[in-house]
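**Student:** There's a structure below that I have some questions on.
What follows is calculated from the coordinates using simple rules that are stated; it is not laboratory data. Just so we're clear, the structure is a prediction, and the values are computed from it rather than from any experiment. Here the Cβ is made from the backbone with ideal geometry for all residues, glycine too, and neighbour counts use every protein chain on show.
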Amino acid sequence: MVDEIKRSADWPDMCAIAHTLPYDVAVCDHGCQSLDWLASITVPTLVMYGGDSGQWAPASATRIAAKVSGTKTLEIPGQGHGVADDAIVPALREFFSG
């Protein structure tokens, strides 16, 4: 599978974000990592996920939201893991305009 991914046009972009993988694993690894450190977040927090991302996305969003007080969780319907700008911008505008 990795060899197939390496041949894809997305490989350079994936390499560019490789440093974020430990964070992805921490919140998405089937609940194996403690998220207690998230309780220290004291600012308004929006947790979003693409509705077409698979079951790991809402499960991860729920785990995060359970640790951060006052979190708003939002599904972006019809989007996968890489949410399109035109789908995410309205949600961000609404959240930041409070």
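**Student:** Could you point to the label whose value was computed as Cα extents along the principal axes in Å for the structure here, given [x] 83, 24, 20; [y] 42, 33, 23; [z] 40, 23, 18?
**Tutor:** [y]
**Student:** What residues qualify as long-range amide H neighbours of Asp52, i.e. H under 5 Å apart, gap of 5 or more or another chain, H built at 1.01 Å from N?
**Tutor:** Counting only residues 5 or more places away or on other chains, the set is Gly78, Gln79, Gly80.
**Student:** Determine the dipole magnitude for the chain: charges of +1 sit on the beta-carbon of Lys and Arg, -1 on that of Asp and Glu, nothing else is charged, the reference point is the Cα centre, and the result goes in debye to the nearest 20. Mind showing how you got there, number by number?
**Tutor:** Numbers: 6 positive and 12 negative charges, 68 e Å.
So the dipole magnitude of the chain works out to roughly 320 debye.
**Student:** Further, regarding this structure: Which of the helices in the chain meet the span-like rule: DSSP H, Cα axial reach of 20 Å or more, Kyte-Doolittle mean at least 0.5?
**Tutor:** The answer is none, since no helix passes both cut-offs.
**Student:** Would you be so kind as to identify which of Pro22, Ile88, Ile41 lies farthest towards the positive end of the dipole of the chain, taking Lys and Arg as +1 and Asp and Glu as -1 on Cβ and the Cα centre as origin?
**Tutor:** Highest projection toward the positive end goes to Ile41.
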